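Remarks on the structure that follows.
Readers should treat all values here as calculations from the given coordinates under stated rules, not as data from a laboratory. What you see is a predicted model, and the numbers here were worked out from it, not measured in a lab. Positions of Cβ are generated from backbone atoms using ideal geometry, with glycine treated the same way; all protein chains shown enter the neighbour counts.
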Amino acid sequence: GDEALHTMISDFDEAHLQSLVSSLGTRQRFPENSTSGYVKDPQSRETLQDLLRFLRHDTTRERPVMMMLHTWDVVGNDILPMIQAYHSGAAELILDAVKLLVFLTLPADPRATNLNEQRHCINRTAQSLTKNSCAVIFSHMAEPLERFESGRLHLRGEDGRTIQLFLTFIRNLLLSYRENFPENAPSSSQRLQPKVSFHFLQRQLI
C-alpha cells in the first residue's frame, strides 16, 4: 500500500511531484453566470512536461510515480477537466496531456509485486476516459488523419508522431479491459472493450 510506495520514492521526489500536481490548475466558480470550471495555471504546459520527465524515469516494475499520480487522481482532478476546458486552441497542451495519459495507462508488468493495484488504477482511468473525454481527445486526430487520407502526411513529421501517440493510447485502452482485472473479476471489465471500440468507430479512427 502507501507504505510500500514511500520506500520506493524519496521524500524529496514525492514532495516535488506533489508540488507539480498542485500547480497544474484549479477548479473555480464563476459567480457571474453561476458556473464552475477548470482554470489552468499559466505554467501548466511546463508542469506537464516536468511530470512527463518523472514518468520517463519511472522504470521499475512497481512504477511508484505512476501509482502516486493515480492515488492523487491527477486524471480526474486535473487532466480530464483541463482537456475539456481547453480542447480548442491549445493543441500542444492537449498533446502533452495525452502523453501523460499514455504513461498512466501503460499495461502493468505481470512480474510487478503490486500488479493488482496497478491493474485496478489503470482500468479505473480507462473507464473514466471512455465515459467522459474520448470524443474531445480524439478530435485532435482529425486533421492529421485528413492529411494522411489525402497523401499529404509525412509519417516522420509532427503528424506522424501525433498519430503514433494516439494509436499507443488506443492500444492501452483496449488492453486495459483484458489485463487490468484478475481472471475472476466481475464482468464490468468485459463491457469496456465494446464501449472503447464504439468511440473509435464513431470518430472513424479504426
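Quick look at the numbers
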| item | result |
| --- | --- |
| Pair Ser36, Trp72: separation of 7 Å Cα→Cβ label points (nm) | 2.0 |
| In the range 19-120, the trypsin sites (Lys or Arg not before Pro) that fall in loop regions by DSSP, at most 14 other Cβ within 10 Å | Arg61, Arg111 |
| In nm, spacing of pseudo-spin labels at Gln164 and Phe12 (7 Å Cα→C-beta vector) | 3.4 |
| Calculated from backbone phi, Karplus (6.51, -1.76, 1.60) coupling profile of the range 89-95 in Hz, x at Gly/Pro | x, 9, 4, 5, 4, 5, 5 |
| Residues with amide H under 5 Å from that of Gly25, placed H, sequence gap 5 or more | Asp41 |
